[in-house]
Structures are given as C-alpha cells and as structure tokens.
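Colleague: Pasting a structure here, questions to come.
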Amino acid sequence: LAQLVESGGGSVQAGGSLRLSCTASGPTFDYAAMGWFRQAPGKEREGVSCINWKGDSTYFADSVKGRFTISRDNAKKTLYLQMNSLEPEDTAMYYCAARLWDCSARGADFEYWGQGTQVTVSS
C-alpha cells in the first residue's frame, strides 16, 4: 500500500447516515487488514472498526456496535464504513489505516494512514 484516501465525510443530523470510503493504491491491498479510527479535538484517538485481509473477521468498538458496518471491495481496493443512527458523539475526524493480514486494537500497529475525513453530527 502506497496511499490511502478517505472520502464521504460531511455534516448530518442526529439519526442520519453516512458512508465513508477509503481507497488504497498499491499492490498489497488484498493482504491488508483495514481499520477506521476517529479523533475529536481534545480527545484521544479511538479505534472504531477493523476488517481483516479475508474480510471474514471484524471488530467494532462498543460505542458503535449495531450502528456501524465495515466492508471492503478488494477489486476496487476500497474500504467502507456505513454509519447509521449517528449521534453527536460520533463527531470526529475519521481516518482509515492499514496493516498486513490481521486487525489490531492498537493504532500504533497500523503502518499506513489516510489524511482523514471530517464527520459532524448535529442534534
């Protein structure tokens, strides 16, 4: 993986939905675990979700379980995060990240990062 680019962020009212995308360049996407992290001003970075290289194992933070869905399209080298029932607490800069093979709970284990896309949820 040489580059990750997020898109799909924006402003939405509470209860609404957004779908984030992260497109990767390079030949190793098929063997990379892909994750989403978020960080709000003054708060620590939080792991949101992750999907392993096969797409058969996923992780979700407790705060988003039942509301967010992670998926990947290896043919398009694209990672998705479908966010439903959004709450103001979901407001943050969202980053996608990649590492080889398996998911990790630690952001420091991810080697590649995108530039981020802002999600703002109003009440």
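Colleague: Suppose all protein chains stay in the model; what accessible area per residue would a 1.4 Å probe give for the stretch 62-112, in Å²?
Modeller: Averaged over the residues of the stretch 62-112, the accessible area is 53 Å².
Colleague: Extending each Cα 7 Å along its Cβ direction at residue 122 and residue 45, get the distance between those two points in nm, one decimal.
Modeller: 3.0 nm
Colleague: Around residue 24, under 15 Å between beta carbons, what's the net of Lys plus Arg minus Asp minus Glu among the other residues?
Modeller: Overall, the nearby charge balance is 0.
Colleague: Same structure, new question: I'd like the GluC sites (Glu not before Pro) in the stretch 1-52 restricted to DSSP loop residues with at most 12 other Cβ atoms within 10 Å, sorted by number.
Modeller: Taking the stretch 1-52 and a limit of 12 other Cβ atoms within 10 Å, the loop GluC sites (Glu not before Pro) found are 44.
Colleague: Now for a different question. To the nearest 0.05, how large is the calculated FRET efficiency for residue 108 and residue 13 if R₀ is 41 Å and r is the Cβ-Cβ distance?
Modeller: The computed FRET efficiency comes out at 0.75.
Colleague: Could you list which residues have their amide H under 5 Å from that of residue 87, counting only those 5 or more apart in sequence or on another chain, with H placed in the peptide plane?
Modeller: Amide H neighbours of residue 87, under 5 Å, 5+ apart: 15.
Colleague: Among DSSP bridges having both ends in the chain, what percentage is antiparallel? Round to the nearest 5.
Modeller: Taking every DSSP beta bridge within the chain, about 90 percent pair in antiparallel fashion.
Colleague: How charged is the neighbourhood of residue 55? Take every other residue with its Cβ under 14 Å from the Cβ of residue 55, and add Lys/Arg as +1 and Asp/Glu as -1.
Modeller: 0
Colleague: If you don't mind, there's one more thing I want to ask. I'd like the per residue volume of the convex hull spanned by the Cα atoms of the stretch 33-79, given in cubic angstrom.
Modeller: Measuring per residue, one finds 82 Å³ for the Cα hull of the stretch 33-79.
Colleague: Percent of accessible area on the chain owned by carbon and sulfur, 1.4 Å probe?
Modeller: 47 percent
Colleague: In whole Hz, with x marking every Gly and Pro, tabulate ³J(HN,Hα) for the stretch 39-49 from phi via Karplus 6.51 cos²θ - 1.76 cosθ + 1.60, θ = phi - 60°.
Modeller: Values, residue by residue: 8, 9, x, x, 10, 6, 5, 10, x, 9, 6 Hz.
Colleague: Give me the number: length gained by fully extending residue 115 to residue 100, i.e. 0.36 nm times residue separation minus the C-alpha to C-alpha distance, one decimal in nm.
Modeller: Roughly 3.5 nm would be gained on extension.
Colleague: Let me ask something else about it. If you wrap the chain's Cα atoms in a convex hull and average its projection over all directions, what's the area in nm²?
Modeller: The number I arrive at for the chain is 6.7 nm².
Colleague: Around residue 99, under 13 Å between beta carbons, what's the net of Lys plus Arg minus Asp minus Glu among the other residues?
Modeller: In short, -2.
The values are calculated or read from the model by the stated rules, or taken from the named source; none is laboratory data. The model shown is predicted, which means the values in this text are computed figures rather than measured ones. Because the Cβ atoms are built from the backbone with ideal geometry, glycine has one as well, and the counts that use them run over all protein chains shown. Quick note on the areas: whole protein, heavy atoms, side chains included, nothing else; ligands and nucleic acids left out. Shrake-Rupley method; radii C 1.70, N 1.55, O 1.52, S 1.80 Å.
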